[in-house]
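This report concerns only the one structure given below.
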Amino acid sequence: MGIGDILLERGVIRPEHLAEALAMRKSQGMRLDKALVELGYVSELQVLEVMSEQLGMPLVDLQSIKVDGDAVRMVPAKIVFRKHLVPIEKINGTLKVATSDPFDLYAFDEIHLLTGQQVQPVLATSEDIDKIIKMYYGVGGDTVDEMMSTDDLEVVSKDGDSEDLLEMAQEASVIKLVNEIFLEALNERASDIHIEPYEKGLTIRYRIDGVLQEASLPTEINRFQAAIISRIKIMANLNIAEKRLPQDGRIKMQAGGRQIDIRVSVIPMLFGEGIVLRILDKATVMFTLPELGMGPRDFAIFQDLISRPHGIMLVTGPTGSGKTTTLYAALSAIVSTEIKVLTVEDPVEYHLDGVNQIQVQPKVGLNFARGLRAILRHDPDVAMIGEIRDLETAEAAIQAALTGHLVFSTLHTNDACSAPTRLLDMGIEPFLVTSTLEAAMAQRLVRTICKECRQPYEPDRAKLPKDFILPPGASLYRGTGCRRCRNTGFHGRTGIFELMVVNDAIREKILARTTISQVIDAAKANGMHLLREDGWDKVRAGITTVEEVMRATKA
């Protein structure tokens, strides 16, 4: 009985599916199993399960087994890439090879001749095989292998002219290699790509969940450093001949139907030009309010704050703490056909439906303050200013709030209670701050424990921070590390929050210009949880770890 008949008998496919696949096999010469997968009627795993039964060949989950690195290195990269298989174990003269195509007998014969080992094929999905190949042969390893085997690509010296660089960067193989670097970053949910030249070669690191992780690369990639950098500069419309000055640009690209914006920063360094690419992927960054990670109390208060008719709502924290994402989520929650929302941003990172967004243009004098004054003449109900940086912008925000507008903005302070003090330091009068400031919310991002490898453990209570209270008998959680989380134990991030709502007691402290500690005491009396307290709640809930909260906050 053939694969099609077995799948039909098990009810996985219908007769018309089989007929369509048979027609494709006849017209395109495609194998029946591949045609069924191509048409989307079965998954590759379902086909492999049937093959495993038919051929008596084990089906392995490469994500749950430890691959033998020595076995991988026994087979030349060219065969691995060409035949799309990977050795995973060597025992007593037998090499276990994972493949998604058990009918490619020539590949097994070739490996046997090259290694002198008996070959035992096992089945695995193409996706799992791809991950192992990337891990051991590097991102873009097949492309680099092709480039090394041809003489078409001439690698020029540092003194080579820009025309040679231009030709080299336009090579199809270089374009493919750079695309693979970008795609790997998107697949790994990276927010940034760091391309760093050192004396001994090129290093590429991805920032995943806020932490830099080195990408696995073939060592031969060092030969193509100039080509890679030139290709990225061409994509960003930068001058490839200029290697002495910093340059900034932007790349727009499509990936799987998603519109991706990439901000490019090039800086000349000791051993070549370093590049940092900030990936702005709306699909992965746009959150709704419930997805931000606020506790029930803060969430209810925040929803009330963003629905008020006027006043200022500030979100504070360092760069990269998710302030803009929070404001976007807030705007998305309140935007409707009944209200007009305008923003002034530097830069406009994501486009929001129903929101009118303005890009700051310092070269022509369009700064935050001037932009805000301009948009107030457009009759907005809600205005968002990317950041309050100076007295002029702060005064414009205060004026907007006094004239009946709801204003959202960000501020660089370490905690929520420092926000009014920061406005006072800029030169705003205390009575104006108390009249307009509705609330300030500080936030940080912490990595969340990977759900695939999350396990409870009993901590050493003597080593826990003094301000962290763990009930007797309670366990904590941590990730043991798996392929989904790149063996980090973390996958994704969530926010920890400190929401200060301005009440009469806090207004009195601001008017009296008291110390920040007195404002904190008044805010805590009003029910405010500190950043660390919110973090500890998430640790006890098994969302993150003690170490993550300590990394993101101070005692």
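The table below gives the values:
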quantity	calculated
Residue within region 436-446 that is under 30 Å from Val335 (Cβ atoms), hydroxyl-bearing (Ser, Thr, Tyr) and surrounded by fewer than 15 Cβ atoms within 10 Å (Cβ to Cβ) present	no
Qualifying residue in region 495-518 (condition: surrounded by fewer than 17 Cβ atoms within 10 Å (Cβ to Cβ), in contact with a helix residue (DSSP H, G or I) (Cβ under 7 Å, 6 or more places away or on another chain), in a loop (DSSP other than H, G, I, E, B) and not acidic (Asp, Glu))	yes
Residue match in region 272-293 (condition: open to solvent by 70 Å² or more (accessible area, probe 1.4 Å), closer than 23 Å to Ser418 by Cβ, among the hydroxyl-bearing types (Ser, Thr, Tyr) and within 21 Å of the chain's Cα centre (by Cα))	no
Filter result (open to solvent by 30 Å² or more (accessible area, probe 1.4 Å), within 13 Å of the chain's Cα centre (by Cα) and not β-branched (Val, Ile, Thr)) within region 195-212	Arg205, Arg207, Leu212
Pair list, Cβ < 6 Å and 6+ apart or interchain, from region 401-412 residues that are within 15 Å of Val315 (Cβ to Cβ) to residues that are of a type in the set (Asp, Glu)	Thr410/Glu387
Flag if Glu110 is modelled with pLDDT of 85 or more, assigned to a helix (DSSP H, G or I), within 24 Å of Phe182 (Cα to Cα) and open to solvent by 30 Å² or more (accessible area, probe 1.4 Å)	no
Test for Leu402: is it modelled with pLDDT of 90 or more and closer than 18 Å to Leu424 by Cα	yes
Hits in region 519-532 - residues which are open to solvent by 50 Å² or more (accessible area, probe 1.4 Å) and touching a Phe, Trp or Tyr at 6+ places or on another chain (Cβ under 9 Å)	His529
Among (1) part of a helix (DSSP H, G or I); (2) within 22 Å of Ile543 (Cβ to Cβ); (3) out of contact with any Ser or Thr (no Cβ under 8 Å at 6 or more places or on another chain); (4) open to solvent by less than 70 Å² (accessible area, probe 1.4 Å) - the single one Gln303 does not satisfy	(4)
The listed residue being of a type in the set (A, V, I, L, M), farther than 25 Å from Arg484 by Cβ and under 38 Å from the mean Cα position of the chain (by Cα), out of Ala107, Ala23	Ala107
Sole residue being over 15 Å from Ile195 (Cα atoms), modelled with pLDDT of 90 or more, in contact with a Phe, Trp or Tyr (Cβ under 9 Å, 6 or more places away or on another chain) and assigned to a loop (DSSP other than H, G, I, E, B), chosen from Met294, Met313	Met294
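The values are calculated or read from the model by the stated rules, or taken from the named source; none is laboratory data. Please read these numbers as outputs of a predicted model, since none were measured by experiment. We place every Cβ from the backbone using ideal geometry, glycine too, and count neighbours over all the protein chains shown. Only protein heavy atoms, including side chains, enter the accessible area calculation; ligands, DNA and RNA are left aside. Shrake-Rupley method; radii C 1.70, N 1.55, O 1.52, S 1.80 Å.
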